[in-house]
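Input: a single structure, listed below in structure tokens.
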Amino acid sequence: MRRIIYTIILLIVLILLYGFYFNIKGLKIKEYTIESESIPKTFEELKFIHFSDILYKSTTTEDDVKNMIKNINKQNADIIFFTGDLFSKEHKPSKDDIKYLTKQFKKINATQYKFAVIGDSDKKYLRAMKRNNNYYREKVSGKIG
């Protein structure tokens, strides 16, 4: 009976470790091709990237952020979407956190546009981005359509 209890506890610990550490490391890249008659011709061959749930300093480190941005830039996307949750609700970002992330997010490259939608606990970061002239929607160059 003890052996079964120890095995169950070990499995729970392994699942938690996977969920909190291994599962969040690295950028998961999934490619989808979308074909539809209702998509305008001007959208053909455009590459979009979507990323979210960074949860900085809760599950993601400075090195993770650098690697993520490096991998995003390798994709040579036309349009990039960040959809919030830069911080967990429990994390109170310091000025250094905001300064670091602002500097790193400015390194993200897109040929057309970058968009951001803030999450529940990203308001402090949004204020910092506005102070640095990097707004919700940033037109990089050119025009679509």
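Below is a table of values for the structure above.
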item: Set 72, 108, 98, 144: member being at pLDDT below 90, closer than 28 Å to residue 32 by Cα and β-branched (Val, Ile, Thr); result: 144
item: Output for the range 57-69, where each listed residue is assigned to a loop (DSSP other than H, G, I, E, B) and open to solvent by 80 Å² or more (accessible area, probe 1.4 Å); result: 57
item: Qualifying positions in the range 27-51 - open to solvent by less than 80 Å² (accessible area, probe 1.4 Å), at pLDDT 85 or above and touching a strand residue (DSSP E or B) at 6+ places or on another chain (Cβ under 8 Å); result: 46, 47, 49, 51
item: Criterion: in a strand (DSSP E or B) and either on the phi > 0 side of the Ramachandran plot or open to solvent by less than 30 Å² (accessible area, probe 1.4 Å) (or both) - qualifying residue of 98, 54, 72, 80; result: 80
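The values are calculated or read from the model by the stated rules, or taken from the named source; none is laboratory data. As the structure is a prediction and not an experimental result, all values here were calculated from the model. Cβ sites come from the backbone with ideal geometry, for glycine too, and all protein chains shown count toward neighbours. Ligands, DNA and RNA are excluded from the accessible area calculation, which covers all protein heavy atoms including side chains. Shrake-Rupley method; radii C 1.70, N 1.55, O 1.52, S 1.80 Å.
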